[in-house]
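Here is the structure we will look at, set down as structure tokens.
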Amino acid sequence: MRLDRIYTRTGDGGTTALGDGRRVPKTHPRIEACGAVDELNAVLGLLSAAVGRPTRALIRSVQNDLFDVGADLCIPPSDKPYARKALRVSAVQVARLEHEIDRYNAELKPLKSFTLPVGTPAASWCHLARTVCRRAERRVAALAEREPVNPEVLRYLNRFSDLLYVLTRVLNGNGKRDVLWVPGRHANP
């Protein structure tokens, strides 16, 4: 890959090119899905700046994977030779996230309620990243209702949002600063 020219003017009319060369409107569900993944990656940059070295390394590895997700999404699966050779998210990447979830979660006490999205600044960035990840997952799911999508992409985003939830608790002092939801707390005067 070589990026020596940043602007091309080819998108000035409201279309953009997929990895297979096909031009689609910038509002196309595939572009919406790619954009949501890109937004998630940007939020992870903020989270990365707010955490320590081990967590930062994990976040940066996921940021790299999210470029794989974008590459996967920009070339729709098909029987065409270029599509068969395209970079695809794999079950190995999903399994790596599951391993991290299990590793971090082993240090946490089980919850009896959901947590409110508050806590340390790092945990708060992590909560924001989790919600953006869920939106990206919804965009990919909507695309998958219309066009072929590698199912590992959906699995990856689903597991990553789970990992982010676990990380919020880790970043809240291994759950010590978690604020639990109390259903109906202010419902009755």
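General remarks:
- Considering only Phe114, Phe160, Phe67, the mean-square fluctuation computed in a Gaussian network model of the chain, springs between alpha carbons under 10 angstrom, is largest for Phe114.
- Computed label-point distance, nm, for sites Leu111 and Asn188 using a 7 Å Cα→Cβ extension: 2.5 nm
- Between the listed residues Val94, Leu111, Leu180, the Cα displaced farthest toward the positive end of the dipole of the chain, a dipole computed from Cβ unit charges relative to the Cα centre, is found at Leu180.
- Among the trypsin sites (Lys or Arg not before Pro) within the range 1-68, those in coil by DSSP and having at most 11 neighbouring Cβ atoms inside 10 Å are Arg2, Arg5, Arg9.
- Folded to 0 to 90 degrees: helix 91-105 orientation relative to the chain principal axis, Cα: 10 degrees
- The chain: most fluctuating residue of Ser90, Ser161, Ser78 per GNM, C-alpha cutoff 10 Å: Ser78
- Under 30 Å from Lys109, Cα to Cα: lysines that are on another chain or at least 8 residues apart: Lys176
- For semi-axes √(5λ) of the Cα gyration tensor in Å, calculated from these coordinates, the label among (i) 60, 17, 13; (ii) 36, 16, 12; (iii) 34, 18, 17: (iii)
- Charge sum, other residues only, whose C-beta stays under 13 Å from Val43's C-beta, Lys/Arg counted +1 and Asp/Glu -1: +1
- The slack in the chain from Glu147 to Asp102, taken as 0.36 nm per residue of separation less the alpha-carbon distance, amounts to 12.9 nm.
- Nearest-ten-degree value, helix 151-171 long axis tilted from longest Cα axis of the chain: 30 degrees
- Three-way shape call for the range 142-189 based on the alpha-carbon gyration tensor, with the a/c threshold at 1.5: oblate
- Where trypsin sites (Lys or Arg not before Pro) fall in DSSP loop in the range 95-146, at most 15 other Cβ within 10 Å: Lys112
- Estimated [θ] at 222 nm from DSSP helical runs (n ≥ 4, -39500 (n - 2.57)) normalised by residues in the chain, nearest 500: -20000 deg cm²/dmol
Taken together, the values in this text are just the output of simple stated rules run on the coordinates, not laboratory data. The shown structure was predicted, so the numbers you read here are calculated from the model rather than taken from an experiment. Neighbour counts run over all protein chains shown; Cβ positions are idealised from the backbone, glycine included.
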